[in-house]
Amino acid sequence: MSGQELHPLSKYIRKGAQPHTHCSGCGNGIIAQSFLRAVDAVGIPKEKLVCVAGIGCSGWIPSPFFDVDTLHVTHGRPIAFATGVKLGNPNLEVVVFTGDGDASAIGGNHLIHAARRNIGVKVICVNNMIYGMTGGEVAPTTPRGVKTTTTPFGNLERPFDLSRLVVAAGGTYVARWTTYHIAALVAAMKKALTRKGFAFLEVVSHCPVHYGRRIGISDPVQMMRWFQKQSVTIEKARGMSEQELADKFVVGEFVDIDVPDLNQMYEQLFEAAKRESD
Amino acid sequence: MSQLLPRTRGVYIQMEDEIAAIGSVIGASWTGLKAMTATSGPGFSLMQENIGYAVMTETPCVIVDVQRAGPSTGIVSAPMQGDVIQARHGSHGEYEIIALAPSSAQEMFDMTVRAFNLAEQYRTPVIVLADETVAHMREEVVIPEESSLTITNRRVPSSRDEASKAFLSASVAPMPVFGRGFAAHVTGSSHDEYGMRKASAPEAIDRIVRTINAKIAPHTREISTTEKTMLEDADTVLVAYGSCARSAEYVVKQARQKGLRVGLLRLMGIWPFPHEDVKEALKSARHVIVLENNLGQLFPEIERVAPESAETVFVPPEIIGTLHRPAYVLGQITREVS
């Protein structure tokens with residue numbers, strides 16, 4: 001193939017799975033590339049990586065494009081399925097791709113319990129603040145007042161702060177970045193992939209088609225500029241009032257602690273059971 | 001199980017809800033393990049979507065449903081066979097399922113082993129459709145030596161080449177379990193014969209629906225077995241399954257003592273419904289009496305294959321949610337026969 005250079009990450013792309021299905025200007029491409037860079041840098045062998053996809057645009061990041069074992073499951077349940085995969089084979093690196101609706105509306109129960117039990121599953125939650133795939137309905141993460149197809153007079157409800165929710169539920173690695181903060185995003189993904197316990201990485205992503213359009217920023221580059229302008233680090237946010245933070249994206253690492261993960265707890269249980277029966 | 005599994009490095013986990021329970025079972029199955037979950041009534045309702053996912057993705061797994069009196073929370077500790085149709089058609093879409101009906105504590109053990117074997121053989125979820133009486137009764141159970149058990153294991157491809165073959169052309173394709181370099185793509189969405197999503201081609205879903213039905217239906221006789229008691233000369237045949245079959249067994253003995261020619265056809269597997277077997281067993285019956293602890297969920301299937309010349313009636317217990325009282329059933333038989 002003279003004159004044609006392959007992308008260094010192309011080995012992770014399943015043959016015949018293209019063209020992709022994301023809209024022009026979607027943040028999913030940035031997230032896909034950031035993730036594969038992290039996988040490559042950490043050196044996870046392809047046969048050890050399992051991607052579990054939920055329902056929604058985010059699920060289509062790994063499914064079917066990544067050339068690894070991929071389990072594309074029912075709406076809201078990827079973390080539950082991933083828990084079974086990780087308990088079934090602890091040697092696998094199990095990564096969930098889920099959206100804000102998938103993870104915190106229909107699947108909210110699984111999210112908090114996975115964090116609580118510290119199962120060594122890594123969750124990449126693409127938060128575009130709306131249901132993008134189905135045409136732009138309000139999500140649990142949609143800010144108050146935003147008009148969507150199901151809130152034509154503006155959203156009456158308060159949005160979830162997903163990262164803080166997972167911290168409260170016991171997450172041992174929790175970080176939030178946006179699709180603007182690519183270097184930080186890759187670094188956080190690398191970190192998440194090297195942690196043993198439950199890791200939650202919230203990626204605030206731009207959906208120009210179904211979210212940006214509704215808030216008057218239908219251009220993807222403008223949306224990323226908006227992320228840049230509205231983001232404040234956790235450190236800086238500490239000195240700001242709730243009012244000042246109302247329309248900001250607080251980014252950074254919320255927690256990074258070492259707590260025995262569930263597989264390690266099972267190992268201890270197996271050892272104890274063995275001693276007892278010996 | 002929570003006590004026994006850790007000794008063999010088996011994982012027992014109590015998930016946050018039944019949706020997660022069946023989800024994690026399916027996930028574990030894809031790592032190559034045998035996995036099961038158990039529930040009753042409401043939990044079985046919650047599991048239905050993911051049971052459909054297991055059917056669609058051809059994931060072997062076992063679900064024990066102990067039927068309670070319902071709908072809804074109903075009565076936890078009363079027997080009813082209200083989930084018979086749900087076991088067959090509980091998830092949306094067109095599919096075939098396997099459901100076994102134990103009627104003793106021994107069969108709770110035997111049929112759970114068999115359920116795993118069938119799940120592995122046909123790459124499909126298998127339901128052990130028990131009922132409250134069977135699950136709560138205490139009676140002798142003989143746990144056989146492991147070496148005397150028949151154990152079936154799923155076929156796994158020998159290479160990625162084999163794994164990437166068109167699997168929908170095989171009756172039961174080998175399962176590309178995770179962690180072995182197969183790069184399996186597993187999806188509950190409509191997919192082509194290579195596993196790639198084909199969400200808008202009717203030809204793709206047509207192929208899947210036909211495949212997942214055709215791998216089970218032709219094997220109905222081997223899957224859904226029956227037990228025939230005193231049928232040779234019987235002019236009256238009781239048809240029953242689960243705990244009802246225990247009452248029926250007793251009724252047959254009593255009826256024989258009275259000189260009535262009564263036999264029992266016990267269904268050990270109810271889905272796929274053993275049409276041919278039941279038809280054969282009933283062919284010389286003059287009276288067919290179907291005992292179920294519901295308002296007749298399996299009755300239409302039985303009525304369909306009963307001989308036209310026979311009188312086919314449905315007899316629920318006097319009070320649904322209790323067992324069939326033998327004297328009551330005997331009275332019904334006497335009334336029918338006379």
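For segment B:26-39, the set of residues classified as part of a helix (DSSP H, G or I), facing chain A (nearest Cβ under 7 Å) and either out of contact with any Gly (no Cβ under 6 Å at 6 or more places or on another chain) or at pLDDT below 95 (or both) consists of B:26 only. Would you say residue A:101 is part of a loop (DSSP other than H, G, I, E, B) and either within 8 Å of chain B (Cβ to nearest Cβ) or in contact with a strand residue (DSSP E or B) (Cβ under 6 Å, 6 or more places away or on another chain) (or both)? Judged against the criteria, residue A:101 is not a match.
Of the residues making up segment B:59-77, those that are in contact with an Asp or Glu (Cβ under 7 Å, 6 or more places away or on another chain), modelled with pLDDT of 95 or more and in a strand (DSSP E or B) are B:65, B:66, B:67, B:68.
The set of residues in segment A:238-274 that are without any contact (Cβ under 8 Å) to a residue 60 or more places away in the chain and not in a helix (DSSP H, G or I) comprises A:238, A:239, A:240, A:241, A:242, A:243, A:244, A:245, A:246, A:248. Evaluating residue A:112 against the criteria (1) more than 9 Å from every other protein chain (Cβ to nearest Cβ); (2) in a helix (DSSP H, G or I); (3) under 17 Å from residue A:174 (Cβ atoms) leaves one unmet condition, (1).
You will find that of A:277, A:231, the residue that is under 16 Å from residue A:181 (Cα atoms) and either without any contact (Cβ under 8 Å) to a residue 24 or more places away in the chain or surrounded by 14 or more Cβ atoms within 10 Å (Cβ to Cβ) (or both) is A:231 and no other.
Among the residues of segment A:63-90, those that are assigned to a loop (DSSP other than H, G, I, E, B) and within 7 Å of another protein chain (Cβ to nearest Cβ) comprise A:63, A:64, A:67, A:68, A:73, A:74, A:77, A:89. The single condition among (1) surrounded by fewer than 24 Cβ atoms within 10 Å (Cβ to Cβ); (2) facing chain B (nearest Cβ under 8 Å); (3) under 18 Å from residue B:26 (Cα atoms) that residue A:46 does not satisfy is (3).
Could you please find all residues in segment B:10-25 being buried (at least 24 other Cβ atoms within 10 Å of the Cβ) and either in contact with a Pro (Cβ under 8 Å, 6 or more places away or on another chain) or within 7 Å of chain A (Cβ to nearest Cβ) (or both)? B:20, B:23, B:24, B:25 - these are the residues of segment B:10-25 that are buried (at least 24 other Cβ atoms within 10 Å of the Cβ) and either in contact with a Pro (Cβ under 8 Å, 6 or more places away or on another chain) or within 7 Å of chain A (Cβ to nearest Cβ) (or both).
As a summary of the residue check, residue B:72 satisfies the conditions (1) more than 21 Å from residue B:109 (Cα to Cα); (2) at the interface with chain A (Cβ under 10 Å from one of its Cβ atoms); (3) out of contact with any strand residue (DSSP E or B) (no Cβ under 7 Å at 6 or more places or on another chain) except for the one numbered (2).
Would you mention how many residues in segment A:67-78 are closer than 11 Å to residue A:52 by Cα and buried (at least 24 other Cβ atoms within 10 Å of the Cβ)?
Quick first cut of segment A:67-78, residues closer than 11 Å to residue A:52 by Cα only: A:68-74, A:77-78.
Narrowing further to those that are buried (at least 24 other Cβ atoms within 10 Å of the Cβ): A:68-73, A:77-78.
Of the residues in that region, 8 qualify.
Exactly one residue out of B:268, B:230 is within 22 Å of residue B:134 (Cα to Cα) and at pLDDT 95 or above, and it is B:268. Whether any residue in segment B:235-252 is at positive phi and surrounded by fewer than 23 Cβ atoms within 10 Å (Cβ to Cβ) is what I want to check. No - not one qualifying residue is present in segment B:235-252.
Could you please let me know if residue B:167 is in contact with a Leu (Cβ under 8 Å, 6 or more places away or on another chain) and in the same structural domain as residue B:26 (by TED's automatic domain parsing)? No, not satisfied. Scanning segment B:143-174 for residues that are among the aliphatic types (A, V, I, L, M) and free of Cβ contacts under 8 Å to residues at least 24 places away in the same chain, we see that the one that is surrounded by the most Cβ atoms within 10 Å (Cβ to Cβ) is B:163. Number of residues in segment A:1-54 that are assigned to a loop (DSSP other than H, G, I, E, B), closer than 24 Å to residue B:198 by Cα and not small (Gly, Ala, Ser): the value is 9.
Here residue B:79 meets each of (1) over 16 Å from residue B:58 (Cα atoms); (2) within 13 Å of the chain's Cα centre (by Cα) with one exception, condition (2).
Within segment A:119-153, track down each residue that is basic (Lys, Arg) and over 20 Å from residue A:27 (Cα atoms).
If the condition is that a residue be basic (Lys, Arg) and over 20 Å from residue A:27 (Cα atoms), then A:144, A:147 are the ones that fit.
I want to confirm something. Restricting to segment B:195-211 and keeping residues that are more than 8 Å from every other protein chain (Cβ to nearest Cβ) and within 27 Å of residue A:94 (Cβ to Cβ), which single residue is modelled with the highest pLDDT? So, considering only residues that are more than 8 Å from every other protein chain (Cβ to nearest Cβ) and within 27 Å of residue A:94 (Cβ to Cβ), the one modelled with the highest pLDDT is B:208.
Has segment B:43-58 got any residue that is within 12 Å of chain A (Cβ to nearest Cβ), among the small types (Gly, Ala, Ser), closer than 22 Å to residue A:119 by Cβ and outside any strand (DSSP E or B)? Taking every residue of segment B:43-58 in turn, at least one turns out to be within 12 Å of chain A (Cβ to nearest Cβ), among the small types (Gly, Ala, Ser), closer than 22 Å to residue A:119 by Cβ and outside any strand (DSSP E or B).
When segment B:5-27 is filtered for residues that are touching a Leu at 6+ places or on another chain (Cβ under 6 Å), closer than 19 Å to residue A:79 by Cα and without any contact (Cβ under 8 Å) to a residue 24 or more places away in the chain, the ones remaining, listed by number, are B:11, B:12.
The values are calculated or read from the model by the stated rules, or taken from the named source; none is laboratory data. Since the structure is predicted, the reported quantities are computational estimates derived from the model, not experimental observations. Quick reminder, even Gly has a Cβ in these numbers, built from the backbone with ideal geometry, and neighbours come from all protein chains shown.
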